[in-house]
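The values are calculated or read from the model by the stated rules, or taken from the named source; none is laboratory data. Given the structure is predicted, the values throughout are model-derived calculations rather than measurements. Heads up, the Cβs are rebuilt from the backbone with ideal geometry, glycines too, and the neighbour counts pull from every protein chain shown.
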Amino acid sequence: MKKILSLVFVFCVFLIPLSAKVITVDNNAGSVAQYSSLASAITEADPGDTLLIVGSPSSYGSHSIYKELHFIGVGYFLAENNIPGLSTNHTLAHITFKQDNSLGDSDNSSAAGISGALNSDPGVSGLIIDKCYSPSWNWRFQGQVTVTTCYTGFQV
């Protein structure tokens, strides 16, 4: 009986899913977010984690992603919508979702509310891009990608 209970316990432990974290990123002065650098947040994030990225007048830079991550920014056209109390700074970042046998892959990743260049390599699958904006850069998607409610083009 003891052996059976031990086996059931071990089996149940493997069934418990590991929970993903939500990581906050803010490169504005005086921030209280967990990270002020998107690069550091990406490095420390585990596959499946979500990165909430605050709007900023400064770009968060260019990043290559080799693991499943979910990026959520504040959106775009914030100044044009003139919503009281809302920061008019968007989340500007350039993200390339990659696949490399030795480094990993970014299958099943997502980006929402990001402004900037978004790209994916061949072989990346399950990528979802939603509510993103590319003001002047060309997006280059290869692999299996779903793009919804996005806007590209130059603002005048």
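Is it true that Ser40 is surrounded by 14 or more Cβ atoms within 10 Å (Cβ to Cβ), among the hydroxyl-bearing types (Ser, Thr, Tyr) and either at pLDDT below 95 or more than 21 Å from Lys131 (Cβ to Cβ) (or both)? Answer is no for this residue. Of the numbered criteria (1) more than 23 Å from Asn108 (Cα to Cα); (2) of a type in the set (A, V, I, L, M, F, W, C); (3) modelled with pLDDT of 90 or more, the one Leu69 fails is (1). Give segment 126-156 a look and list any residue that's over 15 Å from the mean Cα position of the chain (by Cα) and either among the basic types (Lys, Arg) or within 14 Å of His70 (Cα to Cα) (or both), or say none. Of everything in segment 126-156, just one residue is over 15 Å from the mean Cα position of the chain (by Cα) and either among the basic types (Lys, Arg) or within 14 Å of His70 (Cα to Cα) (or both), namely Arg140. Among the residues of this structure, Ile128 counts as one that is at pLDDT 95 or above, closer than 22 Å to Ala41 by Cα, surrounded by fewer than 17 Cβ atoms within 10 Å (Cβ to Cβ) and out of contact with any helix residue (DSSP H, G or I) (no Cβ under 7 Å at 6 or more places or on another chain). All told, Gly61 meets the bar of being among the small types (Gly, Ala, Ser), in contact with a helix residue (DSSP H, G or I) (Cβ under 7 Å, 6 or more places away or on another chain) and either more than 18 Å from Ala20 (Cβ to Cβ) or surrounded by 17 or more Cβ atoms within 10 Å (Cβ to Cβ) (or both).
On inspection, Thr146 fails the criterion of being surrounded by fewer than 19 Cβ atoms within 10 Å (Cβ to Cβ), β-branched (Val, Ile, Thr) and modelled with pLDDT under 90.
A single member of Asp107, Asp100 is touching a strand residue (DSSP E or B) at 6+ places or on another chain (Cβ under 8 Å) and more than 18 Å from Ala39 (Cα to Cα), and it is Asp107.
Residues in segment 77-125 that are acidic (Asp, Glu) and more than 21 Å from Thr43 (Cα to Cα): Glu80 only. Cβ separations smaller than 7 Å between residues 6+ apart or across chains give the following pairs from segment 39-53 residues that are on the phi < 0 side of the Ramachandran plot to residues that are of a type in the set (D, E, K, R) and surrounded by 21 or more Cβ atoms within 10 Å (Cβ to Cβ): Pro47/Glu68. Residues that are closer than 17 Å to Thr24 by Cβ number at least 2 in the following strands (runs of 3 or more DSSP E) confined to segment 34-151: 50-53, 70-72, 110-112.
Taken as a whole, the structure leaves Tyr60 outside the set of residues that are modelled with pLDDT of 95 or more and either farther than 28 Å from Gly143 by Cα or basic (Lys, Arg) (or both).
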